[in-house]
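The block underneath contains the structure these notes are about, expressed in structure tokens.
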Amino acid sequence: QLAAGPAVFPIEPVSVGGVWRRVEPIFEGTPASNDPSWNGDLATEYVFERIEAGAAVIRVTTKLAMRGTVPKHGTRLSVESTGTGKGEMTFDIAKGIVVRSRLDFVTETRTTGREIPALPPTKIEGWTETELEKT
């Protein structure tokens, strides 16, 4: 989810140097069910950096914080995930669409429970990148 969210733009016009934010709540499942149960949020900050060749270049940073439980052998394990992302996107002003984006991210997940030994956190580093081709 950290890298998959769509871009969000402000309602009012923004000039170079402008900043806007979005916090997206994350909810999945219920603790009483036999499914994973998560809650938290994904906070994204956008900064309008510059105009380059008719496009707005926008810096993007994200912060993920989730807590939840997962079923395991008749009990529920506690899970906590945190993450950060940094990147930028290029918005073609004339076409009104994002034509390029890249987000580098790191997430870390910690799992605890009485029935499992202490485990080191699981760390994932990656990126997502898109670019529209001219046709």
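As I understand it, the dipole of the range 44-85 uses +1 on the Cβ of Lys and Arg and -1 on the Cβ of Asp and Glu, about the Cα centre. Which of Gly74, Ile51, Gly85 lies farthest toward its positive end?
Selected residue: Gly74.
Carbon and sulfur atoms: what percent of the 1.4 Å accessible area of the chain do they account for?
54
Test of understanding: what is the full-extension gain from Trp127 to Glu45, defined as 0.36 nm times their sequence separation minus their Cα-Cα distance?
Contour length minus Cα-Cα distance gives 27.8 nm.
Give me the extension gain from Ala53 to Thr109: residue separation times 0.36 nm, minus the current Cα-Cα distance, reported in nm with one decimal.
Once the chain is fully extended between Ala53 and Thr109, it gains 16.1 nm.
Can you tell me the accessible area per residue over the range 50-135, all protein chains present, probe 1.4 angstrom, in square angstrom?
It amounts to 69 Å² per residue over the range 50-135.
Charges only on Cβ, +1 for Lys and Arg, -1 for Asp and Glu: so what's the dipole of the chain about the Cα centre, in debye to the nearest 20?
The calculated dipole for the chain is roughly 280 debye.
The values are calculated or read from the model by the stated rules, or taken from the named source; none is laboratory data. Remember, it's a predicted structure, so these values are computed and weren't measured experimentally. In this analysis, Cβ positions are derived from the backbone assuming ideal geometry, glycine residues included, and neighbour counts consider all displayed protein chains. Only protein heavy atoms, including side chains, enter the accessible area calculation; ligands, DNA and RNA are left aside. Shrake-Rupley method; radii C 1.70, N 1.55, O 1.52, S 1.80 Å.
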